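Below: one structure, written as structure tokens.
The values are calculated or read from the model by the stated rules, or taken from the named source; none is laboratory data. Quantities reported herein were computed from a predicted structural model and do not represent experimental measurements. Note that each Cβ is placed from the backbone with ideal geometry, even for glycine, and that neighbours are counted across all protein chains shown. Side chains included, ligands, DNA and RNA excluded: accessible areas come from the protein's heavy atoms. Shrake-Rupley method; radii C 1.70, N 1.55, O 1.52, S 1.80 Å.
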Amino acid sequence: MRELVYYVAVSLDGFIAGPAGEFDAFPVEGDHMAALNDRFADAIPTDIADAYGIQSDGSMFDSVLMGWNTYEVGRTASPYRHLRQIVFSRTRTESDIPGETRNLTVTDEDPVDAVRRLKAESGRSIWLCGGGSLAGALVDEIDRLVLKRNPVLFGDGIPLFTPGAYDPQRFDEIETTAYESGVVVSEYVRHSAQRVIGNA
């Protein structure tokens with residue numbers, strides 16, 4: 001069965017973006033970039049990957065899930081055209097997107113139902129891009145967390161997970177790499193569910 005992987009940058013105080021979706025405080029230069037761009041090339045927006053000659057070949061992810069606010073931050077009609085893009089919104093439709101919508105669907109389907117349906121299909125892992133509200137709705141479906149902890153404090157913003165009911169869930173750390181840039185990448189799998197990321 002396919003995995004749902006929440007791969008996301010996060011501040012030291014637990015925010016994935018500022019109050020208005022800002023993420024420019026996260027360092028985009030340093031020794032962490034080459035390693036992440038190599039392993040997670042599928043998570044780089046198509047236009048940026050093309051500009052830097054990075055090959056996004058679908059070897060890890062073939063689908064990406066976003067809430068509308070996360071999608072809108074990208075300011076691109078179809079930011080991950082190399083992936084199947086699913087944007088969740090209760091109020092928006094594809095008609096609200098100017099320009100190309102190749103490989104992009106806007107849906108008001110229940111995210112849990114959508115993820116369970118996707119997991120039952122064959123394919124690579126499913127990337128949960130954000131935001132915090134969608135991650136909170138899908139917390140029980142997340143199989144793997146890959147957190148890029150950045151050496152910055154935001155003070156306020158969009159949390160990693162929108163708070164919900166108290167319900168402790170254990171994840172096992174399988175790898176942590178600290179870079180000279182100050183970025184620390186930690187990977188966790190849901191307890192007793194260690195699998196190889198990207199497998200069909």
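Looking only at region 97-125, residues that are assigned to a strand (DSSP E or B) and closer than 16 Å to Thr70 by Cα come to 4 in all.
Every residue, every condition in (1) touching a Lys or Arg at 6+ places or on another chain (Cβ under 7 Å); (2) open to solvent by 10 Å² or more (accessible area, probe 1.4 Å); (3) modelled with pLDDT under 95, yes or no:
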{"position": "Leu12", "(1), (2), (3)": "yes, yes, no"}
{"position": "Phe15", "(1), (2), (3)": "no, yes, no"}
{"position": "Glu22", "(1), (2), (3)": "no, yes, yes"}
{"position": "Val28", "(1), (2), (3)": "no, yes, yes"}
{"position": "Asp38", "(1), (2), (3)": "no, yes, yes"}
{"position": "Asp47", "(1), (2), (3)": "no, yes, yes"}
{"position": "Asp57", "(1), (2), (3)": "no, yes, yes"}
{"position": "Val64", "(1), (2), (3)": "no, no, no"}
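Hey, can you tell me all the residues within region 163-200 that are modelled with pLDDT of 95 or more, surrounded by 12 or more Cβ atoms within 10 Å (Cβ to Cβ) and assigned to a loop (DSSP other than H, G, I, E, B)? Within region 163-200, Tyr179, Ser181, Gly182, Val183 qualify.
Working only within region 126-143, note down all residues that are in a strand (DSSP E or B) and small (Gly, Ala, Ser).
Gly130
The residue list Val87, Val28 contains one member that is touching a residue at least 12 places away in the same chain (Cβ under 8 Å) and within 22 Å of Ile158 (Cβ to Cβ), which is Val87. Of the helices (runs of 4 or more DSSP H) lying entirely inside region 1-96, those containing at least 1 residues that are within 23 Å of Val184 (Cβ to Cβ) and either among the basic types (Lys, Arg) or in contact with a Gly (Cβ under 8 Å, 6 or more places away or on another chain) (or both) are 31-39, 68-73.
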